Amino acid sequence: MGPMITALIPTYRRPEYLQRAMKSVLGQSYGNLQLSIFDNASGDETIDVVNNLTTNDPRIKYHCHSNNIGALANFRYAFESVDTPYFSILSDDDCLSMDLYKDAVDILDSHPEVMFVILDVLKIDENANLLLCKESTNILKFYSPIDGFDEIHSGNIEQTWTGMVFRKEVANVYLEMDDRNDKGHDMRFLFRAASRYNFAYLSKVGAFFTLHNKLTHQKDANIVVLNKS
């Protein structure tokens with residue numbers, strides 16, 4: 001059994017999507033994992049979805065805030081909770097391919113100098129129909145901070161953290177950020193991590209990112225991702 005990995009899922013009022021996201025984590029081919037849900041006081045069926053899956057799977061941890069603390073604060077709370085060697089961050093309306101963790105952990109275990117691993121992410125609509133994809137070559141490449149930052153910034157490498165797995169230490173990059181008036185926290189985190197650490201990119205499908213018909217921008221909610229339109 002390899003090192004444990006934690007899947008962080010901040011959520012707010014998306015119980016149906018959340019169930020899909022949770023099942024994609026629990027169904028990973030890599031078994032040594034835990035799933036941490038951070039409910040931003042949804043007050044809906046979210047707790048029922050979590051309870052139904054928790055009944056038969058003790059790997060699930062659930063925290064529900066007593067009141068809505070805002071999107072960025074909820075994400076920060078999630079990052080502060082990381083206590084396993086590896087972690088990933090998953091939006092509640094996205095999902096993972098079944099081998100993401102296995103592929104990423106194999107690379108991290110074999111290359112101690114690599115601090116995170118990036119895989120490709122396919123774009124789907126709200127009904128899980130494929131919208132946008134990138135041809136996968138199964139080629140593995142390694143990047144230093146200077147070269148890696150340029151590749152990510154140019155868009156040549158996936159810019160969505162849905163298909164990424166990080167070492168625990170990288171969580172500090174997020175915790176060091178000043179979130180005042182910032183809605184691009186996911187990209188800022190990624191650019192900062194890429195400019196600081198060595199990482200690997202595997203051209204293989206690792207996750208699925210949901211594009212909604214209308215821009216999802218919920219002030220004081222849990223998910224704020226500007227590219228979800």
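Descriptive notes on the structure:
- Within the range 136-178, the GluC sites (Glu not before Pro) that combine a DSSP coil assignment with at most 10 other C-beta atoms in a 10 angstrom radius are 176.
- For the pair the range 41-92 and the range 134-151, the centres of their Cα atoms are 31 angstrom apart.
- Long pairs among 61/168; 123/204; 134/168; 23/183, criterion Cα-Cα beyond 24 Å: 134/168; 23/183
- Pairwise FRET efficiency - residue 81 versus residue 125, Cβ, R0 = 22 Å, nearest 0.05: 0.10
- Extending 7 Å from Cα along the Cβ direction at residue 67 and again at residue 168 yields two label points whose distance is 3.3 nm.
- Within the accessible area of the chain (1.4 Å probe), percent carbon and sulfur: 50 percent
- With θ taken as phi - 60° and the Karplus curve 6.51 cos²θ - 1.76 cosθ + 1.60 applied, the whole-hertz 3J(HN,Hα) list for the range 165-176 is 10, 10, 6, 3, 4, 5, 4, 4, 4, 5, 5, 7 Hz, x standing for glycine and proline.
- Exposure ranking of 22, 115, 98, 4 by accessible area [1.4 Å probe, largest first]: 98, 4, 115, 22
- Each of the trypsin sites (Lys or Arg not before Pro) that DSSP puts in a loop and that has at most 12 other Cβ atoms within 10 Å breaks the chain; the longest unbroken stretch is 1-133.
- Accessible area (Å², per residue) of the chain, counting only protein heavy atoms and a probe of 1.4 Å: 45 Å²
- Cα gyration tensor shape for the range 1-88, rounded if a/c is under 1.5, else prolate or oblate: oblate
- Virtual spin-label span in nm between residue 191 and residue 29, 7 Å along Cα→Cβ: 3.5 nm
- The chain shape via C-alpha gyration tensor axes, a/c threshold 1.5: rounded
The values are calculated or read from the model by the stated rules, or taken from the named source; none is laboratory data. As the structure is a prediction and not an experimental result, all values here were calculated from the model. Please note: Cβ atoms are built from the backbone with ideal geometry, for glycine as well, and neighbour counts cover all protein chains shown. Each accessible area value is taken on the protein alone, full model and side chains, heavy atoms only, with ligands, DNA and RNA left out. Shrake-Rupley method; radii C 1.70, N 1.55, O 1.52, S 1.80 Å.
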